[in-house]
Amino acid sequence: MARLSPSESVDVQGIDEALAAMWQSNDNKAIRANTFSLIIYEPAPIQQLLTALGFYDGPIDGINGPLTQEALSKSQQAYDLKITGKANEVTFAKLQEAFLAAKKQKIAPTAAQQNYRAADSIAQAGPSRIVTLCAIEKAELQAQISAYCPIKRQHQNKMLCCEYISLTGDPTKLEAIWDIIEDLLVPDLPQYLWWKGTPRVEMELFKKLASQVPHLILDSATFTESKDDFQVVAKLLAEQHLHISDVNWQRVSPWQELTASTFDPPDRRTSVMEIDAVEVNFERGSSAQAWLYLAWLAGRLGWEPIEHKYTGGDYRLREIHFQNSEGKPVRAELASMPIANVGEVVGDLMGIKLSSSNPAAKCNTILCSETEGCMRMETGGKAQTGLVEQVNSLADQNAEQLVTASFNRSHDWLYEETMLLLSKILAMTND
């Protein structure tokens with residue numbers, strides 16, 4: 001990655017002039033890519049805090065790439081925290097505490113000159129402009145600009161580069177400069193909004209961005225309350241007709257594809273309609289993937305939801321009752337599994353069992369993850385009841401890689417149909 005211009009602070013009102021001066025100073029050796037623009041709303045200002053405290057010298061871009069993870073590890077070591085390289089609540093609270101302490105002592109710690117790099121997956125997609133909105137409560141408005149150029153991207157012997165614009169400030173102050181933010185949306189190019197965290201439909205800034213940017217990218221793995229937050233997404237699809245990409249939906253796709261392929265053989269093709277029991281095991285912490293899979297399966301098989309109840313217990317069980325196209329009952333169970341080592345993504349699917357009360361049906365199937373999922377199924381004896389298939393999960397792919405795939409995706413009608421059915425299931429809950 002070649003740096004066209006180091007990060008520099010500019011006046012919020014003078015961003016356009018500063019960008020123009022930046023391009024003029026490069027002797028016409030580089031031009032801005034003419035591809036798409038990306039807006040990132042970053043609700044947790046981890047990178048700003050790491051930069052201010054001297055742990056981070058990368059871009060303030062809201063992308064949790066290798067530089068950010070390394071900086072998090074350094075800060076955790078410095079403050080005697082468990083070294084994970086992840087932005088957990090304990091680390092965030094400690095960084096805030098250290099930052100406020102430095103301000104009270106009138107110390108203004110700064111990072112070294114920034115080597116402006118973005119996560120490789122985003123950079124290689126060749127964005128034209130990335131605008132990051134960093135919401136920090138009680139913070140004054142600040143703006144930074146820079147540019148980077150993927151070395152392999154050239155046009156007529158000129159480097160194709162991306163503008164980076166970072167706006168930091170209190171959420172209310174960011175809302176107050178909507179006119180400036182709106183002017184930063186590159187016209188006549190595809191525009192994407194990556195909203196990190198739960199969609200805040202009551203927030204004025206979210207409303208305005210959603211009305212201007214047609215492609216909304218979310219990650220339901222980060223939702224605080226999966227049930228309520230999925231209802232918000234369904235409402236956005238129904239009322240605002242946004243094109244929504246959920247990177248967690250992509251993580252579920254290997255489970256969907258393997259489910260479909262197990263019923264491709266002729267002797268199993270008709271048996272899929274005999275399924276009347278489903279068990280879904282997932283890592284405790286988020287039920288989002290479990291809901292997405294179950295709603296997808298119910299939609300493909302034409303099941304109509306009739307009851308949804310929380311039964312609790314050690315595995316925080318949920319029972320969902322359906323009626324299939326022939327009027328026969330179908331029972332599904334979601335089980336939250338406590339595990340010691342959670343991966344990068346919270347709530348990964350671990351194991352799925354599809355079965356039938358008809359002993360002659362050839363539909364009994366076990367799908368399991370490559371580690372704990374298969375072991376758990378084997379320990380419980382479930383793996384002896386039918387076909388067993390191991391899923392090659394996408395859990396090892398970070399959000400940035402999956403977001404990059406969203407740039408080239410067309411309208412996902414299957415996701416929208418799944419969300420409408422999921423909304424009906426969630427509305428029936430007894431808790």
Would you mind checking which residues have amide H under 5 Å from Asp246's amide H? H placed 1.01 Å from N; only 5 or more apart, or other chain. Leu218
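Would you mind computing the Rg to Rh ratio of segment 22-91 from its alpha-carbon coordinates, Kirkwood style for Rh? Numbers along the way, then the final one.
On the way: Rg = 15.9 Å, Rh = 14.1 Å.
Here the Rg-to-Rh quotient is 1.13.
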I'd like to know which of Met159, Gly312, Ala290 lies farthest towards the positive end of the charge dipole of the chain, counting +1 on Cβ of Lys and Arg and -1 on Cβ of Asp and Glu. Met159
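Would you mind giving the three semi-axes, in whole Å and largest first, of the ellipsoid equivalent to segment 259-313 according to its Cα gyration tensor?
On the way: eigenvalues 120, 39, 21 Å².
Semi-axes from the Cα gyration tensor: 24, 14, 10 Å.
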Obtain the nm distance between the two label points defined at Gln124 and Gln231 by a simple spin-label model: each point lies 7 Å from its Cα along the Cα-to-C-beta direction. 4.2 nm
About its Cα centre, the chain carries a charge dipole, from +1 on Lys and Arg Cβ atoms and -1 on Asp and Glu Cβ atoms, whose size in debye to the nearest 20 is 560 debye
Output needed: Cys residues of the chain lacking any neighbouring Cys C-beta below 4.7 Å, sorted by number. Cys134, Cys162, Cys363
Counting every Cα pair in segment 186-265, what percent are over 23 Å apart? 30 percent
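Averaged per residue, what accessible area in Å² does the chain show with a 1.4 Å probe, protein chains only?
Working: 20120 Å² over 431 residues.
In whole numbers, the chain has 47 Å² accessible per residue.
What value, in deg cm²/dmol to 500, does the helix sum -39500 (n - 2.57) over DSSP H runs of n ≥ 4 give at 222 nm once divided by the residues of the chain? Mind showing how you got there, number by number?
On the way: 15 runs with 151 residues, N = 431.
After summing the helix terms and dividing by residue count, I get -10500 deg cm²/dmol.
When the dipole is taken about the Cα centre of segment 152-292, and only Lys, Arg (+1) and Asp, Glu (-1) are charged at their Cβ, what size is it in debye, to the nearest 20?
Numbers: 14 positive and 22 negative charges, 102 e Å.
The dipole of segment 152-292 has a size of about 480 debye.
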For Ala20, net neighbour charge (Lys/Arg +1, Asp/Glu -1) across residues whose Cβ lies under 13 Å away: -2
Work from the charge dipole of the chain (Cβ charges, +1 for Lys and Arg, -1 for Asp and Glu, about the Cα centre) and give the residue of Gly65, Ala18, Gly386 farthest towards its positive end. Gly65
Amide H neighbours of Val10 under 5 Å, at least 5 residues apart or on other chains, H built in the peptide plane: list them. Ala143, Gln144, Ile145
Which whole-number value in Å³ per residue fits the convex hull of the alpha carbons of the chain? 161 Å³
If packing is taken as the average count of other Cβ atoms within 10 Å, what order do 31-42, 399-410 fall into, highest mean first? 31-42, 399-410
Highest mean first, what order results for 252-262, 48-58, 324-334 on Cβ atoms within 10 Å? 48-58, 252-262, 324-334
Stretched out fully, how many nm does the piece from Gln401 to Val346 gain, at 0.36 nm a residue minus the Cα gap? 18.1 nm
Using θ = phi - 60° and Karplus 6.51 cos²θ - 1.76 cosθ + 1.60, couplings along segment 279-286 (whole Hz; Gly, Pro as x): 10, 10, 9, 9, 5, 5, x, 7
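What Kirkwood Rh does segment 230-322 have if only Cα atoms enter the pairwise 1/r average? Answer in Å. Provide the component values of the computation, followed by the final result.
Numbers: mean 1/r = 0.0654 Å⁻¹.
One decimal place: 15.3 Å for the Kirkwood radius.
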Segment Tyr310-Ala93, extension gain: residue separation times 0.36 nm, minus the distance between their alpha carbons: 74.8 nm
Give me the extension gain from Leu387 to Lys82: residue separation times 0.36 nm, minus the current Cα-Cα distance, reported in nm with one decimal. 105.7 nm
For the pair Asp431/Arg268, report the inter-label distance in nm, with labels modelled 7 Å from Cα in the Cβ direction. 3.3 nm
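Roughly speaking, to the nearest percent, how much of the chain's 1.4 Å accessible area is carbon and sulfur?
On the way: 9730 of 20120 Å².
The nonpolar share, carbon plus sulfur, comes to 48 percent.
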Lys and Arg at +1, Asp and Glu at -1: add these up for the other residues within a Cβ distance under 13 Å of Gln231 and post the number. -1
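The values are calculated or read from the model by the stated rules, or taken from the named source; none is laboratory data. Note that the structure is a prediction, hence the values are computed from the model and not measured. So basically every Cβ, Gly included, is an ideal-geometry build from the backbone, and we count neighbours across all protein chains shown. Just the protein is used for accessible areas: all its heavy atoms, side chains included, with ligands, DNA and RNA removed. Shrake-Rupley method; radii C 1.70, N 1.55, O 1.52, S 1.80 Å.
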